[in-house]
1. Suppose we filter the stretch 31-47 for residues that are among the acidic types (Asp, Glu) and closer than 14 Å to Phe7 by Cβ; how many remain?
2. For residues that are free of Cβ contacts under 8 Å to residues at least 40 places away in the same chain and within 10 Å of the chain's Cα centre (by Cα), scanning just the stretch 24-53, find the one that is surrounded by the most Cβ atoms within 10 Å (Cβ to Cβ).
Amino acid sequence: MDMHVNFVLSQCSQRLYLLKLLRSQGLSTAQLDQVSQAIIVSRLRYALPVWSGFLSADLINRIQALLKRLFKFGYSSQLLSTFLSRSRYILLR
């Protein structure tokens, strides 16, 4: 389980770097929101309910740190704030 979560988090971190590159190339905020929703948030939204009962505290912290980094950079601000609150509920069940 830990290997799979680490793999997905690694992929999402790489995709976050891709978003930074796209931003530097002049992609608009709305387009960045759509891309981040498609390549990062959807991946976590798909896996999180399955993982929820089996995650260690360390993995929960790593998932939340990735989501906070995504939020900090301004990607998917509205959708991400809702997802953050839902993920906390799912992870802390």
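1. Number satisfying all stated conditions: 0.
2. Checking each candidate, the answer is Ile40.
All of the numbers you see were taken from the coordinates with simple rules; none came from a lab. Remember, it's a predicted structure, so these values are computed and weren't measured experimentally. In this analysis, Cβ positions are derived from the backbone assuming ideal geometry, glycine residues included, and neighbour counts consider all displayed protein chains.
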